[in-house]
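Q: Dropping a structure here in structure tokens format, bear with me for questions.
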Amino acid sequence: MNIIEHHEFLTTKTQLLMEMGHFRPGHMIFLMGPSGVGKTTLRHAAMQATFGNPLLWGRGKTPAIECFVVLPQIGFFSSAFLADEMIDQLNAPSLNWLFENSDIPLNVEGEITANVDEAAKIWPLLKRSGMSERDLWKTFKRTVKERGCKYVSLDQVTGLLVNRKNKKPSDHIEHLMSLGEACGIMFIMTGVARASELWSIHSELRRRVIPVWMSPYSEHNKGDLVHYLQLLKTLSGKYPLSKNDLLYTMATDIYAMTGGTIGEIVKLMQRAAVLAAMNGDTKLKKEHIQRASYNEKDLRNLWGDIKEFEIVKATADSSLRSEEVAARWSLNKKATAKVA
């Protein structure tokens, strides 16, 4: 389903492209936003715009890889497990980021997929058996240079926060930053607001982190109203509705049910359509959409995530500290203007 893009998507994509264009090995771009806001789609779009013509990569080269920070069966983040996954992607990349909503011709996509499938068959024969974590990272360093890879995208990075007692999240971030410097790579980290805990511990880490904020439609931004209603208008053309203006009349209800995140809005409509079909109705009604809403606990969690995002994103008020400095230095606006 082609959905009209939120203007925040377009502006955030522009910012992400600018940050990716300013290549700084050892630095990390953190793409942050509530769940369902479209972070993955945006990241893929930016990666396609930067690296999207595989015919220009060169034989055996891949400029970027994408991995997920998953927790293995032990239930804690494993640095060795991540190294193993990243080596896999360097040798047989999934390339999901390349194909999503792309304009790559089908014959070219088929050729790329066939080559990757062939590599995936060979790769298990070369698996690292019994390698230590140190050797895994040494293998990654060698392979990432051989493949000409410059960007590593890590999704669901809040997994880095789930550690055993003898490990701190900042340890992993420091390691990845050092790895980036040594290998000449930059990381694109994607996660929800809680991921800010990964860098907020030390100011040294913060200086090498570039946050890019992906916001949902917000009731606090009056300019979002027009774009939000335009989205509902687009959705109205995708579903048979009992009334032409049904979604418009339910605009505030739908916002309250979804937190203004585009992924949640789309899923709400999909669930409502299923309920209508199960009820034998050919058109969507108000009660279908209401019944498709989350329960109280899930809705509270949804809005809690959005509130946490708004808090993390907000710029700190430094006016009080500025006044304290001015008092100690005996400075005022007239004095500083005179010096200038």
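Q: Only one of these is among the aromatic types (Phe, Trp, Tyr), within 14 Å of the chain's Cα centre (by Cα) and assigned to a helix (DSSP H, G or I): Phe9, Phe30. Name it. Steps first, please.
A: On the way: Phe30 fails: assigned to a helix (DSSP H, G or I).
Just one listed residue meets the conditions, Phe9.
Q: Taking the range 51-67, which residues are closer than 15 Å to Ala119 by Cβ, open to solvent by 40 Å² or more (accessible area, probe 1.4 Å) and hydrophobic (A, V, I, L, M, F, W, C)?
A: Trp57 - this is the single residue of the range 51-67 that is closer than 15 Å to Ala119 by Cβ, open to solvent by 40 Å² or more (accessible area, probe 1.4 Å) and hydrophobic (A, V, I, L, M, F, W, C).
Q: Would you list the helices (runs of 4 or more DSSP H) that sit entirely within the range 166-254 and hold 1 or more residues that are of a type in the set (Gly, Ala, Ser)? I'd like the intermediate steps shown before the answer.
A: Details: elements: 169-183, 203-206, 224-236, 246-249.
By residue number, 169-183, 203-206, 224-236.
Q: Which pairs have Cβ atoms under 8 Å, sit 6 or more apart or on different chains, and link a residue in the range 8-29 that is free of Cβ contacts under 8 Å to residues at least 40 places away in the same chain to one that is among the hydrophobic types (A, V, I, L, M, F, W, C) and crowded, with 20+ Cβ neighbours inside 10 Å?
A: Lys13/Leu42; Lys13/Ala45; Lys13/Ala46; Leu17/Ala46
Q: Could you list, in sequence order, the residues of the range 157-214 that are open to solvent by less than 30 Å² (accessible area, probe 1.4 Å), among the β-branched types (Val, Ile, Thr) and either closer than 25 Å to His6 by Cβ or without any contact (Cβ under 8 Å) to a residue 40 or more places away in the chain (or both)?
A: Val157, Ile188, Thr190, Val209, Ile210, Val212
Q: Just a yes or no: is a residue in the range 269-285 of a type in the set (A, V, I, L, M, F, W, C) and under 26 Å from His220 (Cβ atoms)?
A: yes
Q: Determine if the range 262-270 includes at least one residue that is more than 26 Å from Pro211 (Cβ to Cβ), modelled with pLDDT of 95 or more and crowded, with 16+ Cβ neighbours inside 10 Å.
A: yes
Q: Moving to a separate point now. Any chance the range 301-316 includes a residue that's farther than 17 Å from Gly36 by Cα, in contact with a helix residue (DSSP H, G or I) (Cβ under 8 Å, 6 or more places away or on another chain) and assigned to a loop (DSSP other than H, G, I, E, B)?
A: Scanning the range 301-316, I find no residue that is farther than 17 Å from Gly36 by Cα, in contact with a helix residue (DSSP H, G or I) (Cβ under 8 Å, 6 or more places away or on another chain) and assigned to a loop (DSSP other than H, G, I, E, B), so the answer is no.
Q: Could you list all residues from the range 260-300 that are on the phi < 0 side of the Ramachandran plot, under 19 Å from the mean Cα position of the chain (by Cα) and assigned to a loop (DSSP other than H, G, I, E, B)? Full working, then the answer.
A: To start, the set of residues in the range 260-300 that are on the phi < 0 side of the Ramachandran plot comprises 261-279, 281-300.
With under 19 Å from the mean Cα position of the chain (by Cα) added as a condition, the list becomes 261-267.
Thr261 - this is the single residue of the range 260-300 that is on the phi < 0 side of the Ramachandran plot, under 19 Å from the mean Cα position of the chain (by Cα) and assigned to a loop (DSSP other than H, G, I, E, B).
Q: Turning to a different aspect of this structure: Looking at this structure, is Leu10 closer than 26 Å to Tyr217 by Cβ and modelled with pLDDT of 95 or more?
A: Against the criterion (closer than 26 Å to Tyr217 by Cβ and modelled with pLDDT of 95 or more), Leu10 does not qualify.
Q: Of all the residues that make up the range 87-110, how many are surrounded by 14 or more Cβ atoms within 10 Å (Cβ to Cβ), over 18 Å from the mean Cα position of the chain (by Cα) and either of a type in the set (A, V, I, L, M, F, W, C) or at pLDDT 85 or above (or both)?
A: Of the residues in that region, 8 qualify.
Q: Would you point out the residue of the range 142-156, among those that are without any contact (Cβ under 8 Å) to a residue 60 or more places away in the chain and open to solvent by less than 90 Å² (accessible area, probe 1.4 Å), that is farthest from Ala46 (Cα to Cα)?
A: Pass one, the range 142-156, residues without any contact (Cβ under 8 Å) to a residue 60 or more places away in the chain: 142-145.
Checking the rest, the ones that are also open to solvent by less than 90 Å² (accessible area, probe 1.4 Å) come to 143-144.
Working: Thr143: 24, Val144: 21 Å.
Restricting to residues being without any contact (Cβ under 8 Å) to a residue 60 or more places away in the chain and open to solvent by less than 90 Å² (accessible area, probe 1.4 Å), the top hit is Thr143.
Q: Take the range 43-69 and flag every residue that is of a type in the set (Lys, Arg) and part of a loop (DSSP other than H, G, I, E, B). Break it down into steps so the answer makes sense when it comes.
A: Initial filter on the range 43-69 (of a type in the set (Lys, Arg)): 43, 59, 61.
Those that are of a type in the set (Lys, Arg) and part of a loop (DSSP other than H, G, I, E, B): Arg59, Lys61.
Q: Next up: Does Pro72 fit the bill of being in a loop (DSSP other than H, G, I, E, B), open to solvent by less than 10 Å² (accessible area, probe 1.4 Å) and either of a type in the set (A, V, I, L, M, F, W, C) or touching a helix residue (DSSP H, G or I) at 6+ places or on another chain (Cβ under 6 Å) (or both)? Explain how you work it out, then say what you get.
A: Values: in a loop (DSSP other than H, G, I, E, B): yes; open to solvent by less than 10 Å² (accessible area, probe 1.4 Å): no; either of a type in the set (A, V, I, L, M, F, W, C) or touching a helix residue (DSSP H, G or I) at 6+ places or on another chain (Cβ under 6 Å) (or both): yes.
Here the answer is no, as Pro72 does not meet what is asked.
Q: Exactly one of (1) over 22 Å from Arg134 (Cα atoms); (2) touching a Lys or Arg at 6+ places or on another chain (Cβ under 6 Å); (3) assigned to a helix (DSSP H, G or I); (4) not aromatic (Phe, Trp, Tyr) is unmet by Leu90. Its number?
A: With respect to (1) over 22 Å from Arg134 (Cα atoms); (2) touching a Lys or Arg at 6+ places or on another chain (Cβ under 6 Å); (3) assigned to a helix (DSSP H, G or I); (4) not aromatic (Phe, Trp, Tyr), Leu90 is out only on (1).
The values are calculated or read from the model by the stated rules, or taken from the named source; none is laboratory data. Keep in mind the model is a prediction, meaning the values are calculated, not measured. No Cβ is skipped: glycine too gets one built from the backbone with ideal geometry, and neighbour counts run over all protein chains shown. Accessible surface is based on the protein model in full, side chains and every heavy atom, while ligands, DNA and RNA are left aside. Shrake-Rupley method; radii C 1.70, N 1.55, O 1.52, S 1.80 Å.
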